[in-house]
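One structure is given here, and the rest of the page talks about it.
The values are calculated or read from the model by the stated rules, or taken from the named source; none is laboratory data. Everything numeric here is computed off the predicted structure, so don't read it as measured data. For the accessible areas, the whole protein counts, side chains as well, though only heavy atoms, and no ligand, DNA or RNA atoms are used. Shrake-Rupley method; radii C 1.70, N 1.55, O 1.52, S 1.80 Å.
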Amino acid sequence: MSEQLKPLTYEDILEMFHRMVAEADRRQEKADRQFQAMHREISTLGSRVGEIIENMVGGDIVEQFQALGYDVTEYSRRKIFGKKGTDTSGEIDLLLENGEIAILIEAKTTLKIDDVNDHIERLEKYRHHVDEKSNNIDRRKFVGAVAAGAAEDNVIKYAQRQGLYVILQAGRTVEIVTPPEGFVAKTW
């Protein structure tokens, strides 16, 4: 004799549904935690790669800009300016300067057009910050440059049309890309 199955009631189905939803929620929470951990690791790796690019650029960049006629003597990394969290704050990856000129360099792993536009905005904010801080007494010229491990030709040309120097990885070092004929660095 076979055992007869008890028919499912509405309550049985509802209980099974609630258990399935609870299990799905538990699995989703676990997947979310794993995704967040992976995102943190990728962000950390991205930051480390950015530091490597900054270090590569910093190698002999002062001498390279001196060879272009810029009498820069001071070098600093990660120059933070303005009141943190405001629209007038920011960070300059590499800053070369003397009393008359400052070259602000943004370093990226792979340079994109948006990075160029963001750096131009940053240059304008920094110029405004310096003017505000010195009551418009500071008459230094500000020159922009973008550096990267890699960049597409169209991005290089775009940056140069905006008056920025482009610095790229070349073998074991980085080099300022030869500007096109007639290039004039924009000053802020």
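Quick notes on this one:
- When Rg and Dmax are taken over the Cα atoms of the chain, they come to 26.9, 102 Å.
- Here's the list of aspartates and glutamates a cross-link from K125 could span, going by alpha-carbon distance under 13 Å and ignoring same-chain residues fewer than 8 apart: D87, E91.
- Pairs from K79/K133; K79/K112; K141/K186; K133/K186; K84/K108 whose Cα-Cα separation, in the structure shown, is over 18 Å: K79/K112; K133/K186; K84/K108
- Solvent-accessible area of region 119-185 (1.4 angstrom probe, protein heavy atoms only): carbon and sulfur portion equals 45 percent.
- Solvent-accessible area per residue, Å², over region 68-188 with all protein chains present [probe radius 1.4 Å]: 56
- In Å², nearest 10: area of D12 left accessible to a 1.4 Å probe: 50
- If you take the alpha carbon atoms of region 70-110 and fit the smallest convex hull around them, that volume is 95 Å³ per residue.
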